[in-house]
Amino acid sequence: DVLLGGAVVNWESLTRHVFSASSCGLCGKTSIESVFQSFPAVTADARVEASVIASLPEKLRAAQETFAATGGLHASGIFNLEGNLLVLREDVGRHNALDKVLGFALQRNLLPLDRHILLVSGRVSFEIMQKALAAGVPVVAAISAPSSLAVDFAREGGQTLIGFLRGGTMNVYTHPARILNS
């Protein structure tokens, strides 16, 4: 172990006794509450028109160049509250696609993403919500279904979670006050 002089490390809080992967949000953690100790609930007063949310899947798909050629990739995109695409990344793994867009935001000092929407092309798991919370994302939308744990996590984390966003319809699972109907 190499530490700077005077550094104090709480090794127990850093210990994980299991294999960890990008899709393993609770691995080695004792509870969801331990996640909220590191990342507070989202309190952003972000509001977005339902029509803007409904327009996002088409924008995401239009920007998916590799998916158009292969039909085999997941995508994650970050949009502003007006529905403009900031960044899209594709990958075989949905968690990797998300890591890429969040890495883009981190490298450009855009965090927290408290005035943005995250759209994922697949399902929303707890791990997707955990990463979005760490980035301060108030609105997470998915083309497919969220897991029940993702819904519970979003509720506790103050995040608006939208699933089955397709064909102009959507299911809003948590914190619906952020979605405006004009």
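Which strands (runs of 3 or more DSSP E) sit wholly inside the range 118-182 and have at least 2 residues that are small (Gly, Ala, Ser)?
In the range 118-182, 139-142 are the strands (runs of 3 or more DSSP E) which contain 2 or more residues that are small (Gly, Ala, Ser).
Just the residues that are hydrophobic (A, V, I, L, M, F, W, C) and surrounded by 16 or more Cβ atoms within 10 Å (Cβ to Cβ), please, taken from the range 53-62.
Within the range 53-62, the first condition is being hydrophobic (A, V, I, L, M, F, W, C), and the residues that meet it are 53-54, 56, 60, 62.
Residues satisfying the conditions are ILE53, ALA54, LEU56, LEU60.
Hey, any hits in the range 98-105 for a residue that's of a type in the set (Lys, Arg), modelled with pLDDT of 95 or more, within 22 Å of SER144 (Cβ to Cβ) and under 13 Å from the mean Cα position of the chain (by Cα)? Talk me through it step by step, then tell me what you get.
Quick first cut of the range 98-105, residues of a type in the set (Lys, Arg) only: 100.
If we keep only those that are modelled with pLDDT of 95 or more too, we end up with 100.
Adding the requirement that they be within 22 Å of SER144 (Cβ to Cβ) leaves 100.
Filter again for under 13 Å from the mean Cα position of the chain (by Cα), leaving 100.
Among the residues of the range 98-105, at least one is of a type in the set (Lys, Arg), modelled with pLDDT of 95 or more, within 22 Å of SER144 (Cβ to Cβ) and under 13 Å from the mean Cα position of the chain (by Cα), which makes the answer yes.
Tell me which residues, restricted to the range 68-83, are touching a residue at least 24 places away in the same chain (Cβ under 8 Å) and either under 17 Å from the mean Cα position of the chain (by Cα) or outside any loop (DSSP other than H, G, I, E, B) (or both).
HIS74, ALA75, SER76, GLY77, ILE78, PHE79, ASN80, LEU81, GLY83, listed by residue number.
Within the set of pairs 6+ apart or on separate chains, which have a first residue in the range 85-105 that is assigned to a loop (DSSP other than H, G, I, E, B), a second that is modelled with pLDDT under 95 and surrounded by fewer than 22 Cβ atoms within 10 Å (Cβ to Cβ), and C-beta atoms under 8 Å apart?
VAL92/GLY72; VAL92/LEU73; VAL92/HIS74; GLY93/SER22; GLY93/SER23; GLY93/HIS74
Residue by residue, here is whether (1) out of contact with any helix residue (DSSP H, G or I) (no Cβ under 7 Å at 6 or more places or on another chain); (2) closer than 19 Å to LYS59 by Cβ holds:
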position: LEU111; (1), (2): no, no
position: ALA132; (1), (2): yes, yes
position: ALA135; (1), (2): no, no
position: SER144; (1), (2): yes, yes
position: VAL151; (1), (2): yes, no
position: ILE162; (1), (2): no, yes
position: THR169; (1), (2): yes, yes
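Please state which one of VAL92, VAL124 is buried (at least 17 other Cβ atoms within 10 Å of the Cβ) and closer than 25 Å to GLU65 by Cβ.
After applying the criteria, what remains is VAL124.
Please go through the range 58-67 and give me each residue that is farther than 24 Å from PHE126 by Cα and either out of contact with any strand residue (DSSP E or B) (no Cβ under 6 Å at 6 or more places or on another chain) or not in a loop (DSSP other than H, G, I, E, B) (or both), ordered by number.
Those that are farther than 24 Å from PHE126 by Cα and either out of contact with any strand residue (DSSP E or B) (no Cβ under 6 Å at 6 or more places or on another chain) or not in a loop (DSSP other than H, G, I, E, B) (or both): GLU58, LYS59, ALA62, ALA63, GLU65, THR66, PHE67.
How many of the residues making up the range 42-52 are touching a residue at least 40 places away in the same chain (Cβ under 8 Å) and surrounded by fewer than 12 Cβ atoms within 10 Å (Cβ to Cβ)?
Result for the range 42-52: 1.
Out of the range 127-150, which residues are among the aliphatic types (A, V, I, L, M) and crowded, with 20+ Cβ neighbours inside 10 Å?
ILE128, MET129, ALA132, LEU133, ALA135, VAL137, VAL139, VAL140, ALA141, ALA142, ILE143, ALA150
Are there any pairs, at least 6 apart or on different chains, whose C-beta atoms fall under 7 Å, with the first in the range 138-152 and under 21 Å from GLU49 (Cβ atoms) and the second assigned to a loop (DSSP other than H, G, I, E, B) and aliphatic (A, V, I, L, M), and if so, which?
PRO138/VAL42; PRO138/ALA44; PRO138/ALA46; VAL139/ALA46
I'm trying to understand the selection: among the residues of the range 63-86, which are in contact with a helix residue (DSSP H, G or I) (Cβ under 9 Å, 6 or more places away or on another chain) and farther than 15 Å from HIS116 by Cβ? Don't jump to the end; show me each part of the working.
To start, the set of residues in the range 63-86 that are in contact with a helix residue (DSSP H, G or I) (Cβ under 9 Å, 6 or more places away or on another chain) comprises 67-68, 72-79, 81-86.
Matches in the range 63-86: PHE67, ALA68, GLY72, LEU73, HIS74, ALA75.
The values are calculated or read from the model by the stated rules, or taken from the named source; none is laboratory data. Just so it is clear, the structure is predicted and the values come from calculations on it, not from any experiment. Here the Cβ is made from the backbone with ideal geometry for all residues, glycine too, and neighbour counts use every protein chain on show.
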